[in-house]
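*Asks:* Mind having a look at this structure? Questions to follow.
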Amino acid sequence: MLQAPMFRAAIFTLYPDFFPGPLGQSLSGDALARGLWALETRQIREHGLGRHKSVDDSPAGGGPGMVIRADVLAASLDAGLAPDDPRPRLLMSPRGRPLTQSRVRELAQGPGVAIVCGRFEGVDERVIEARGLEEVSIGDYVLSGGELAAMVLLDACVRLIPGVMGKLESGSEESFEAGLLEYPHYTRPRDFEGRPIPEVLLSGDHAKIAAWRRAQALEITRARRPDLPKPK
Ligand code: SAH
C-alpha cells in the first residue's frame, strides 16, 4: 500500500518554548510520540538584526505597537523551508479566512503545514505577499500572538490523521462534518437526577435511532447556528 507522507508541522515563532505545550498531551501527544506526525519550531529571532537580534520596528505611518520586519521573517522562512517544500504556508491572523472543519480536513490529508505565528501588531504586509502566506483566523477575537491559534489549527488537524483516533469512523459524524452540529450524547446512568436517557436510544432500533439523531442535529443547528450553510 502506498504510504501517505507523514504530516509535518513547521512553526515559525518568537516563542518556540510554547511548543509542543498542550499538543504534547493526550491524543496529539501520544500521536507525536508514536511518530504519526512531526513538529519542528524555528526561532524567528535567529534571523534578527544587530547585536540585539531585533525582529520588529515601529509601523510606517505611525501608530501604536511594533511590526515584525519583512526581511527578518523572510530570512527565517527561507532558511527553514526548501523552495520546493509542498506544505501550505499559513500565517495565523485575525484578518484571515476563518478556519473551518473542511479546511482542517484538507490540511490533515496533505503533507503538513508551515505556520507563521505573528506577535505585536502583526507582520509587514510585503512578506505576506512575497512568500505567499495564506492568512488563517481561528475566530473573530484578537489573541496576543499566533502560537495558541497555531495550536488550535494543529490540534484540529492531528486528530484526523489516520491512526490517531481510536476508531476509524470517529470524526465522520461529528459537528460540522455534514453541515450540522452534533446530536446530544448520553451514557450511564440510565437516570440522572430524575432525567432519563431518551427512550428511543434504549430501543435497539438502529434506523429509529439514526432518524432521531438526525432530527435532533437539525433542530440544534437551526436553533443555535442559523448562519451555517444548509446541510446536505
Ligand atoms: N493588530 C492586529 C492584531 C495582532 S494580534 C489586528 O488588529 O489585526 C498579534 C498576533 O496574534 C497576530 O499577528 C496573529 O498572528 C495572532 N492572532 C491574533 N488573533 C488571532 C486570530 N483570531 N486568529 C489567528 N491568529 C490570531
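*Asks:* Describe numerically, in nm with one decimal, the distance between label points set 7 Å from Cα along Cα→Cβ at R190 and at R8.
*Replies:* Simple spin-label model gives 5.5 nm for this pair.
*Asks:* For V116, what residues show an amide H to amide H distance below 5 Å, using hydrogens built from the backbone and excluding near sequence neighbours?
*Replies:* Distant-sequence amide H within range of V116: F12, L90, L91, M92.
*Asks:* Spelling out what I want: for every residue of the range 79-91, take phi, set θ = phi - 60°, compute 6.51 cos²θ - 1.76 cosθ + 1.60 (Karplus), and round to whole Hz; glycine and proline get x.
*Replies:* 6, x, 10, 5, x, 9, 4, x, 6, x, 9, 9, 10
*Asks:* When the helix-only estimate is applied to the chain (DSSP H runs of n ≥ 4, each -39,500 (n - 2.57), divided by the residue count), what is the mean residue ellipticity at 222 nm, nearest 500 deg cm²/dmol?
*Replies:* It comes out at -8500 deg cm²/dmol, rounded to the nearest 500.
*Asks:* Figure the gain on full extension for L27 and D140 (residue separation times 0.36 nm, minus the Cα-Cα span) and round it to one decimal in nm.
*Replies:* So the extension gain works out to 38.0 nm.
*Asks:* Be a star and scan the range 1-42 for residues whose amide nitrogen sits under 18 Å from the point 7 Å along the Cα-to-Cβ vector of L148.
*Replies:* 13-25
*Asks:* Starting from the Cα of D57, step 7 Å along the direction of its Cβ; do the same at V200; then give the gap between the two resulting points in nm.
*Replies:* According to this spin-label approximation, the distance is 6.4 nm.
*Asks:* Let me ask you something else. Could you work out the relative contact order of the range 76-232, using alpha carbon pairs under 8 angstrom and six or more residues apart, expressed as a whole percent?
*Replies:* 21 percent
The numbers here are math on the coordinates, done by the rules we state, and not lab data. All values derive from a computational prediction rather than experimental measurement. Counting neighbours? That spans all protein chains shown, and the Cβs are built from the backbone with ideal geometry, glycine included.
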